[in-house]
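The values are calculated or read from the model by the stated rules, or taken from the named source; none is laboratory data. Note that this is a predicted model, so its numbers are computed, not measured. Using ideal geometry, Cβ is built from the backbone for each residue, glycine included, and neighbour counts are taken over all protein chains shown.
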Amino acid sequence: MIRRPLLALLAVVPFSAAGVALADKAPDGTVRAVPNIAGRASTLVLDASGSTAALKSDETPSKVTLALTRGLAFDGRSVAGRCTDGQASGNSCPANSRAGRGSADFRVTNSTGVTVASGRADIGMFLAPRGAGDIGDVQVVVSAQGMTGSAHGKLVRVARGPFGSELRFPFPMTKGLPMGFKVTVDRLTLSTGARRTVNVKVHRRGHRARTVRRTYTLIRNPSKCPSSHRWPVQLRANYSSGEVVRDADIVCKPR
């Protein structure tokens, strides 16, 4: 009887588990760029251990946001395919639309503290058809205990401030877990990145078109590493009672 609410909760885990219950700064290493050298193509890695997501039955997130440091670049040409909402809800996203993967180890306890369910949720991230004005769109597909849930996120530009883009996931208000039940995420891992090499025809006036090989990468680090050697990121979860914010840093190295 708790499996569907559990899956609805896990569908927001990728961007809220580390920030729902805590507002202080995340420890170093929670979010990493691999490699973390300025200007290099990289993979973004989230590794949150011991973080807890405890949602009340009458309050689920209406929106979850991951704010990313200014200068971090994204190139959708690195991923050939795209996953529609229908494919995501059916857990049938094309393999060539994958942009990342991860997992969440979770436990469900009742009002007396007894564990009633536990396991590992598999998380897939896939590029979706890009909406007007978006940098890109992403499908997050979560599979746990034979069930699948999905959410459609949008990566949008931010005009000013330390963050240059935000990955936003709006959610409708739905019923959560039964009263007194709690989900604890013992560990959450996500790895996002892609690379693709294609043949491209180059045209120059007065010359015959020639074919060259070009490589596109999904994520490229900012061109400069500040004197603090840290790029800021931020996780936010919106509830009817207010917004919960959790700050984090990506440790960087200059070129």
Restricting segment 62-83 to residues that are without any contact (Cβ under 8 Å) to a residue 60 or more places away in the chain and under 17 Å from the mean Cα position of the chain (by Cα), which is surrounded by the fewest Cβ atoms within 10 Å (Cβ to Cβ)?
-> R82
Would you point out which residue out of V212, V198 is loosely packed, with under 11 Cβ neighbours inside 10 Å and in a strand (DSSP E or B)?
-> V212
With respect to F106, is the statement that it is touching a Lys or Arg at 6+ places or on another chain (Cβ under 8 Å) and surrounded by fewer than 22 Cβ atoms within 10 Å (Cβ to Cβ) true?
-> no
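Could you please give the count of residues in segment 120-131 that are over 17 Å from the mean Cα position of the chain (by Cα) and surrounded by 14 or more Cβ atoms within 10 Å (Cβ to Cβ)? Steps first, please.
The first filter runs over segment 120-131 and keeps only residues over 17 Å from the mean Cα position of the chain (by Cα), leaving 120, 131.
Those still in the list that are surrounded by 14 or more Cβ atoms within 10 Å (Cβ to Cβ) too: 120.
Selection size over segment 120-131: 1.
Across segment 111-150, what is the number of residues that are in a loop (DSSP other than H, G, I, E, B), at pLDDT 90 or above and farther than 16 Å from P94 by Cβ? So that I can check it myself, show each step before the final result.
Residues of segment 111-150 in a loop (DSSP other than H, G, I, E, B): 111-114, 129-135, 145-146.
Imposing the further condition that a residue be at pLDDT 90 or above reduces the set to 129-135.
Next cut, farther than 16 Å from P94 by Cβ only: 131-135.
Here the count works out to 5.
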Say we look at segment 215-255 and pick out the residues that are at pLDDT below 80 and touching a Ser or Thr at 6+ places or on another chain (Cβ under 6 Å); which of these is surrounded by the most Cβ atoms within 10 Å (Cβ to Cβ)?
-> A237
